[in-house]
Amino acid sequence: MTNTSDAHTRSAMVIGGGSGIGLATAHVLARDGYRVTVADVNLEAARTVAADIGDTATAIGLDVTDEASVAAGFADARDLHAVVNCAGLSLPGQITELELAHWKTTVDVCLTGTFLVIKYAGRHLEDGGSITCIASLNGRQPGTGMAGYCAAKAGVLMLVEVAALELAARGIRVNAINPGLVDTPLVAGIAFVPGLTEEYLENTPLGRSGHPEEIAEAAAYLASERAAWMTGSAIDLNGGAHLKRYPDMLARVRAMGES
Ligand code: NAD
């Protein structure tokens, strides 16, 4: 069963759509018949993705940390049926050394940004629409050096639950996806830390990292009528990594400094 028949008159917005999981999600929703707005703080990247999709996609600049920017991004939305928030970043560091500014940037983009997206999506979505937030395995599994990111993503999971309660009266569903390690520019840096990728994969029962398209397919499912009875939920999509332990990134980085 596909959702193509109910999607072609509807529009979707993918925030953080200029790269990685968001890029893949924009393509998959366009394939499923949505008119897609690709929104990203990097407008050039959003334009490239929209151009690759073709006439059914448009690009806008949108910074999830700036309320006026989020409000403006949603102001012109018409027939908006699905919003997927993929904007995210991580500025790592051990808590005792972590710059407050780095903590704030991570929490601003990942958690406060999600709040602002839900706030305006909740106002502009048509009744029966959906919001999907890309959270993380780190919302439920701690990792050394990732305090801001883990705390923010755990916050996203609770925010999704509260929003699901508040928006259910209008039939708007709010869900999350918790990806594990997915091959995108966000995690390109781990390849430079000896042994870190291997430690990830040893702790991933299915033994490999994910493809952005695998997360995008779950986002398309959550946006569709096939998920009509699902709200306030989080899908663990990580090759089973939530069943084991997170790699010790700080130990790997320390070992690199000692060698
Ligand atoms: P990515 O870096 O490839 O893409 C992130 C996109 O978000 C970029 O296009 C970036 O410009 C945009 N963005 C950053 N700050 C923004 C802001 N303030 N406003 C609007 N857009 C902004 O990363 P990705 O791997 O595709 O990550 C997508 C989401 O998935 C993130 O929330 C990330 O935390 C989450 N995630 C990724 C992984 C992974 O292994 N790649 C794992 C778990 C969760």
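The values are calculated or read from the model by the stated rules, or taken from the named source; none is laboratory data. Since the structure is predicted, the reported quantities are computational estimates derived from the model, not experimental observations. In this analysis, Cβ positions are derived from the backbone assuming ideal geometry, glycine residues included, and neighbour counts consider all displayed protein chains.
Structure data summary
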quantity	calculated
Conditions (1) in contact with a strand residue (DSSP E or B) (Cβ under 6 Å, 6 or more places away or on another chain); (2) closer than 18 Å to ALA216 by Cα; (3) surrounded by fewer than 18 Cβ atoms within 10 Å (Cβ to Cβ): number failed by ARG31	(1)
Pairs with Cβ under 7 Å, 6+ apart, first in segment 31-50 and more than 22 Å from ARG10 (Cα to Cα), second at pLDDT 95 or above and hydroxyl-bearing (Ser, Thr, Tyr)	ALA45/SER19
Of the criteria (1) more than 10 Å from the ligand (Cβ to nearest atom); (2) surrounded by fewer than 24 Cβ atoms within 10 Å (Cβ to Cβ), which one THR37 fails	(2)
Residue check, TYR200 hydroxyl-bearing (Ser, Thr, Tyr), within 17 Å of LEU29 (Cβ to Cβ) and part of a helix (DSSP H, G or I)	no
Given (1) part of a helix (DSSP H, G or I); (2) in contact with a strand residue (DSSP E or B) (Cβ under 8 Å, 6 or more places away or on another chain); (3) not hydrophobic (A, V, I, L, M, F, W, C), number of the condition ARG252 does not satisfy	(2)
Those residues of segment 81-100 which are more than 16 Å from the ligand (Cβ to nearest atom), in contact (Cβ under 8 Å) with a residue 40 or more places away in the chain and either crowded, with 20+ Cβ neighbours inside 10 Å or over 22 Å from the mean Cα position of the chain (by Cα) (or both), in sequence order	HIS81, ALA82, GLN94, ILE95, LEU98
Pick from segment 2-18, criterion surrounded by fewer than 20 Cβ atoms within 10 Å (Cβ to Cβ) and in a loop (DSSP other than H, G, I, E, B), ranking: modelled with the lowest pLDDT	THR2
Segment 132-155 - residue that is closer than 18 Å to ALA223 by Cα and among the aliphatic types (A, V, I, L, M) and, of those, nearest to the ligand (Cβ to nearest atom)	ILE134
